[in-house]
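The block underneath contains the structure these notes are about, expressed in structure tokens.
The values are calculated or read from the model by the stated rules, or taken from the named source; none is laboratory data. From a predicted model like this one, the values you see are computed outputs, not experimental measurements. Ideal geometry is used to build each Cβ from the backbone, glycine not excepted, and the neighbour counts take in all protein chains shown. All accessible areas refer to the heavy atoms of the entire protein, side chains included, with ligands and DNA or RNA removed. Shrake-Rupley method; radii C 1.70, N 1.55, O 1.52, S 1.80 Å.
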Amino acid sequence: AKLEGPHTIRFFNPSMQENVSRRLHLESAMRNALENNHFHFFVQPQVDSQHHVTGVELLMRWSDAELGYVPPSEFIPVAEATGLIVPMGEWLLSEAARLMQRWQEDPLLRDLTVAVNISAKQFRHAGFVDMIKRLIQQPNVNASLLELEITESMLIEDVQNTVRRISKLNEWGVRFSLDDFGTGYASLSYLKQLPIYQLKIDQSFIRDILTDTNDEIIVSTILGLGRSMGLEVIAEGVETAQQARRLNEMGCAKYQGFHFGRPASPVEWEARLRESRLT
Ligand code: C2E
Ligand code: CA
Ligand code: CA
Ligand code: CA
């Protein structure tokens, strides 16, 4: 591919290069980005049934001078395969702690939860629990506002160890959410053992919820499961007011999606939230 200069934003096109060289290119560009602090993150609001913002999810972002904007769906799998997800994830968690410290000082923002995605490799890494402990022991970090989003796939291997780690972090106040719920293979017996507090209904079930009876059945099953197990349920990928209304009628009380706010820089959301909370 030809270079178009650092200010050209374009999507990395998988057909531009052979798979292997693309992967190598991505990997070295990511190492470089990590060293030079070129990764950043967006936040997306989560709202309650009154449509009040209760917290945010952090989503990693990366624009490379040569590759342009590379979506997480492209770079996260490479980061997982190469192990780079460990230092990248640690960087994001330290940013999350800094964000929480800043918000703790602001009466309008201090109650917001901060959710961070944790990949399987990161969660299983030997230093993970201690790393989180160091972060939440910093001054002005309220551990009970930190939520870690994990996926069902990481529950299949070594359930006991997973439960142990989650329980340890629970003791310190950190909460867990099961992301993309419904798409993985977690059996209900695993779910019963897991000390998590939230199920996050995958957006693939929300997209056609108004028209597809199967999706409606799946969503209402997950909501019932959450109720009977005492778990909070949040729907992600809520794009329209009609979807939000339908979910509310079905008993879902927490939502995330473009209808309530797109991912944007923390500074931008801070300003909007302060303004909405002042009035
Ligand atoms: P996810 O954790 O399921 O995050 C939700 C994705 O849905 C985000 O995509 C978000 O921008 C998008 N989204 C939010 N609301 C809507 C909506 O109403 N409609 C639609 N169509 N999409 C919506 P994004 O930011 O591209 O991230 C994609 C995936 O990459 C994430 O899925 C997550 O699995 C992964 N990811 C992102 N940041 C991180 C990170 O820091 N660490 C790890 N391990 N994975 C991350
Ligand atoms: Ca939440
Ligand atoms: Ca997530
Ligand atoms: Ca998700």
Of the residues in segment 233-279, those that are charged (D, E, K, R) and touching a helix residue (DSSP H, G or I) at 6+ places or on another chain (Cβ under 7 Å) number 1
Restricted to segment 104-122 and to residues being more than 16 Å from ligand 3 (Cβ to nearest atom) and open to solvent by less than 10 Å² (accessible area, probe 1.4 Å), the residue farthest from Ser153 (Cα to Cα) is Leu109
Of those in segment 110-132 that are of a type in the set (S, T, N, Q) and in a strand (DSSP E or B), the residue nearest to Pro87 (Cα to Cα) is Asn117
Scanning segment 194-230 for residues that are in contact with a Ser or Thr (Cβ under 6 Å, 6 or more places away or on another chain) and modelled with pLDDT of 95 or more, the one farthest from ligand 4 (Cβ to nearest atom) turns out to be Gln198
Of those in segment 40-75 that are closer than 24 Å to Val233 by Cα and in a loop (DSSP other than H, G, I, E, B), the residue least open to solvent (accessible area, probe 1.4 Å) is Ser49
Take the conditions surrounded by 13 or more Cβ atoms within 10 Å (Cβ to Cβ), within 16 Å of ligand 3 (Cβ to nearest atom) and modelled with pLDDT under 95 and apply them to Ala235. Does it pass? no
Of the residues in segment 236-249, those that are part of a loop (DSSP other than H, G, I, E, B) and in contact with a strand residue (DSSP E or B) (Cβ under 9 Å, 6 or more places away or on another chain) come to Gly237, Val238
Does Val233 count as part of a loop (DSSP other than H, G, I, E, B) and within 15 Å of ligand 4 (Cβ to nearest atom)? no
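Rundown of residues vs (1) in contact (Cβ under 8 Å) with a residue 24 or more places away in the chain; (2) more than 16 Å from ligand 2 (Cβ to nearest atom), yes/no style:
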residue	(1), (2)
Ser187	no, yes
Lys192	yes, yes
Tyr197	yes, no
Asp208	no, yes
Thr213	no, yes
Residue pairs qualifying under the 9 Å Cβ cut-off, at least six apart or on distinct chains, with the first in segment 262-273 being over 9 Å from Val43 (Cβ atoms) and the second being among the polar types (S, T, N, Q) and outside any loop (DSSP other than H, G, I, E, B), are Arg262/Gln44
| message | touching an Asp or Glu at 6+ places or on another chain (Cβ under 6 Å), open to solvent by less than 20 Å² (accessible area, probe 1.4 Å) and either on the phi < 0 side of the Ramachandran plot or in contact (Cβ under 8 Å) with a residue 60 or more places away in the chain (or both): is that true of Gln243 in this structure? | response | no
Scanning segment 112-128 residue by residue, those within 13 Å of ligand 4 (Cβ to nearest atom) and among the polar types (S, T, N, Q) turn out to be Asn117, Ser119
